[in-house]
Amino acid sequence: MVLGIDVGGSTTKIVGLNAAGECIGMLQVEANDPTTSAFGAFGKFTALYGIRLKDIRQIMLTGVGASFLREGLYDIPTKRVDEFIAIGLGGLKMAGLDAALIVSAGTGTALVRAVGGIITHIGGSGVGGGTLLKMAARFAGVNGFTAIKELANQGNLNAVDLRLGDISSETMGKLSPDTTVSNFGNLRDNAAPADIVLGFINMIFESIGMMAVFSLMNDDVKNIVLTGALSGIEQAAVVFKNLEALYPVRFYIPQNAIYATALGAAFSEFKQPTNN
């Protein structure tokens with residue numbers, strides 16, 4: 001068995017693959033520091049799936065917190081995996097694609113072009129899950145993705161964003177009247193916290209989505225896969241569907257996409273990629 005472990009600052013995701021490279025389980029653990037969350041995830045995973053230490057032949061570590069685990073875990077053979085390689089392989093694997101731009105929207109956002117075993121880091125942005133968490137806490141008093149999602153479902157973008165239909169009675173090319181002209185450009189004095197949170201979500205996903213679209217303008221690759229913490233926000237599908245109507249791209253949001261990087265780390269033991 002091979003374990004892929006994506007160690008973040010306080011959250012660790014772990015995925016297990018059997019000898020055939022098939023996923024046998026995944027879970028996430030949060031703690032106050034990377035070491036605690038990594039060992040907690042390992043212990044919980046092995047207990048939950050009845051795995052003995054001798055059954056694990058390799059641990060593949062990735063993520064910003066992996067540097068805190070220089071000695072590995074419990075003397076099990078351990079390798080470090082470049083995070084961009086893990087993102088690329090995991091995104092392709094989860095979406096069932098051979099080529100795609102993987103958008104890893106965690107605390108910030110990374111763009112990774114993955115074509116077969118060739119992985120290229122395109123760039124990224126500081127706009128991501130960390131932006132949403134802090135803005136929602138500061139301006140709406142809600143904490144955590146679950147509370148944010150529940151509140152956003154009650155929101156109304158018309159109380160926040162300026163749309164094309166607000167300033168023009170005519171269409172412009174393929175742009176619909178609902179096209180955003182200015183994020184928060186129509187913020188009303190009586191806008192509710194739910195409206196503001198939905199506005200943050202819309203702004204973040206429009207920014208991330210357009211960044212991905214621009215990255216592929218002169219590329220034969222036209223598939224875009226969303227992974228990372230923000231992949232569980234339902235409104236992403238709405239924003240991306242609108243972008244698909246405007247640009248020759250296809251967006252994918254795989255199930256369990258928050259585990260894509262951990263899956264990619266584990267899968268790298270079975271496939272030797274190249275990082276450009």
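The values are calculated or read from the model by the stated rules, or taken from the named source; none is laboratory data. Just so it is clear, the structure is predicted and the values come from calculations on it, not from any experiment. A quick note on method: Cβ atoms are made from the backbone with ideal geometry, for glycine too, and the neighbour counts reach across all protein chains shown. Side chains included, ligands, DNA and RNA excluded: accessible areas come from the protein's heavy atoms. Shrake-Rupley method; radii C 1.70, N 1.55, O 1.52, S 1.80 Å.
Taking the Cα centre of the chain as reference, the dipole from Cβ charges on Lys and Arg (+1) and Asp and Glu (-1) amounts to some 540 debye. Compared with the alpha-carbon gap, the fully stretched path from residue 210 to residue 174 is longer by 11.4 nm at 0.36 nm per residue.
Excluding ligands, DNA and RNA, the accessible surface per residue across the stretch 133-213 is 54 Å² with a 1.4 Å probe. Of interest is the spacing of the C-alpha centroids, which for the stretch 87-118 and the stretch 235-269 amounts to 8 Å. In terms of packing, defined here as the mean over residues of other Cβ atoms within 10 angstrom, the peptides 110-118, 180-188 line up highest first as 110-118, 180-188.
Using Stokes-Einstein with the Kirkwood hydrodynamic radius over Cα pairs, what translational diffusion coefficient do you get for the stretch 89-197 at 20 °C and a viscosity of 1.002 mPa s, in µm²/s rounded to a whole number?
Values: Rh = 16.5 Å.
After rounding, the answer is 130 µm²/s.
Taken as entire DSSP H runs, the helices of the chain that both span 24 Å or more between Cα atoms along their own long axis and average 0.5 or more on the Kyte-Doolittle scale are 193-215. Overall size of the chain from C-alpha positions, given as principal axis extents largest first: 68, 43, 26 Å. For residue 122, the residues whose amide H sits under 5 Å from its own are 111, 112, 113, ignoring neighbours fewer than 5 places away on the same chain, with H placed 1.01 Å from N. Among 32-45, 64-77, sorting by the average number of other beta carbon atoms lying within 10 angstrom of each residue, highest first, gives 32-45, 64-77. The sum of -39500 (n - 2.57) across all DSSP H runs of n ≥ 4, divided by the residue count of the chain, sets its helix-only mean residue ellipticity at 222 nm to -10500 deg cm²/dmol.
Distance cut-off 31 Å, Cα to Cα: go down the list 44/149; 13/149; 44/271; 13/174; 54/149 and report the pairs above it. Mind showing how you got there, number by number?
Details: 44/149 27 Å; 13/149 21 Å; 44/271 27 Å; 13/174 40 Å; 54/149 41 Å.
Cα-Cα > 31 Å for 13/174; 54/149; rest within.
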